[in-house]
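The values are calculated or read from the model by the stated rules, or taken from the named source; none is laboratory data. As the structure is a computational prediction, the values presented were derived from the model and not from experiment. When we count neighbours, we look across all protein chains shown, and the Cβ atoms used for this are built from the backbone with ideal geometry, even at glycine. Areas reflect the complete protein model, heavy atoms only, side chains present, ligands, DNA and RNA absent. Shrake-Rupley method; radii C 1.70, N 1.55, O 1.52, S 1.80 Å.
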Amino acid sequence: MGIGSSPAILGEFKLADQNSTMQTPQPVALPTHIGSIEEVDAGLSAVGYIATRQISTAIYIAHHLQKPILVEGPAGVGKTELAKSVASWLDLPLIRMQCYEGLDESKALYEWKYGKQLLYTQILRDKVSALIGETDSLKTSLDKLHGFGDVFFSKNFLEPRPLLKALEQPKGAVLLIDEIDKSDQEFEAFLLEILSDYQVTIPEIGSIGAIVPPIVLLTSNSTRDLGDALKRRCLHLHIGFPDEKLEAKIIASRVPGIDARLLAQVVSFVQQLRTLDLKKLPSVSESIDWARVMVLMHTAALEDALVRDTLNVLLKFESDIEAAEKKVTELTRKAQQAIVRSV
């Protein structure tokens, strides 16, 4: 399986025979117009994603420069949710590829529908026999079979996987390549070639280029160092744990109706918890879940007993829970003194 090497400016979707001359792609329109960074911020906010200025700027630049974004940061801070929110805001399909060790091209790009090919071969068996029967030599028979066999390696028998699906979307798409750090370095190199041109070459069919360039976000939890080449190709965006003010905004947007006093206490407690020496610090998604639990329990303020009973929502390791339990009374008392701020 080869990867095309035409210029980075993308052209219309093209299918070419192997022996045909490759055409230079023509420029295409962006999937939708984004006029300003403020527009990105407002659009993401409208679908419930509270973005920092840095996040909105990265989306704006990536859209206009047609460059992928490599989003790094700890698990649970909103990296995957960012891709979902961009797709929702722009009303584009979200195509997600979950990476894992051993992921290869057949699972990421395309594979042939072998069952369909076999079925059609059986159905057309008589036609194949008739073709061979009309010939008077082995060479002539092989020539005829060669032309007939090409039918079974046409686009009708192609099963597109996430990367190819993203290229084929007529109005563009948001392509989420999730947890790229879990894939092998060989796959990372393969992916780099596709992201350079947004084009692939399937030997049996020819060149397939993007109809409209997808907006690409790659996420990484930094379980391994990614190659310099991939980092150079992408814009870099790091999403860390939010400060107290931003976390309050995020929780308020995801837990409608939460009392302002309770919200301030939840945020204060989680922020303090992250200062402890824990195996895994509570993420934003876990703080949102914990706030929902507090609302579910109809509590007006944090109390020691309730905090102890629900620590497993915030912390995922028993050693972390045991360490936090020793500090619950102190952390809860400080959280109860949290100042209610407007969000």
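If you plug the beta carbon distance of Gln185 and Ser285 into 1/(1 + (r/R0)^6) with R0 = 35 Å, you get a FRET efficiency near 0.75.
For the range 244-336, divide the Cα radius of gyration by the Kirkwood radius and give the resulting Rg/Rh value with two decimals. On the Cα set of the range 244-336, Rg over Rh gives 0.92.
In this rough spin-label picture, where each label sits 7 Å from Cα along the Cβ direction, the Glu318-Gln54 distance is 3.7 nm.
Using the structure shown, select from Lys171/Lys249; Lys171/Lys245; Lys84/Lys245; Lys79/Lys245; Lys67/Lys279 the pairs with a Cα to Cα distance greater than 30 angstrom. Result: Lys171/Lys249; Lys171/Lys245; Lys67/Lys279 exceed 30 Å.
Taking 0.36 nm per residue of sequence separation and removing the Cα-Cα distance, the Met297/Arg333 pair yields an extension gain of 11.0 nm.
Solvent exposure of Thr57, expressed as accessible area, is near 40 Å², computed with a probe of 1.4 Å over the protein chains only.
Legend: Rg and Dmax of the range 165-305, from Cα coordinates, 21.2, 67 Å.
In this calculation the C-beta distance from Ser196 to Asp277 is compared with R0 = 41 Å, giving a FRET efficiency of 0.45.
With every protein chain left in place, what is the accessible area of Tyr60 in Å² (1.4 Å probe, nearest 10)? Rounded to the nearest 10, the figure is 60 Å².
Ser285 sits with roughly 50 Å² accessible to a 1.4 Å probe, with DNA, RNA and ligands left out of the calculation.
Loop-resident trypsin sites (Lys or Arg not before Pro) (DSSP state other than H, G, I, E or B) in the range 219-287 with no more than 15 further Cβ atoms inside 10 Å of their Cβ: Arg224, Arg274, Lys279, Lys280. Each of Asp197, Asp228, Asp91 has its accessible area taken with a 1.4 Å probe; listed largest first, they run Asp91, Asp228, Asp197.
Ranked by the mean number of other Cβ atoms within 10 Å per residue, highest first, peptides 39-46, 175-182 order as 175-182, 39-46. Under a 5 Å amide H cut-off, with hydrogens placed 1.01 Å from N, Ile177 pairs with Met97, Leu217, Leu218, Thr219 among residues at least 5 apart or on other chains. If you take the charge dipole of the range 221-343 about its Cα centre, with +1 on Lys and Arg Cβ and -1 on Asp and Glu Cβ, which of Val293, His238, Val270 is farthest toward its positive end? Positive-most Cα among the choices belongs to His238. On the beta carbon distance between Asp259 and Ser222, with R0 = 41 Å, the FRET formula returns roughly 0.70. Ordered by 1.4 Å accessible area with all protein chains kept, Trp89, Trp290 run largest first as Trp89, Trp290.
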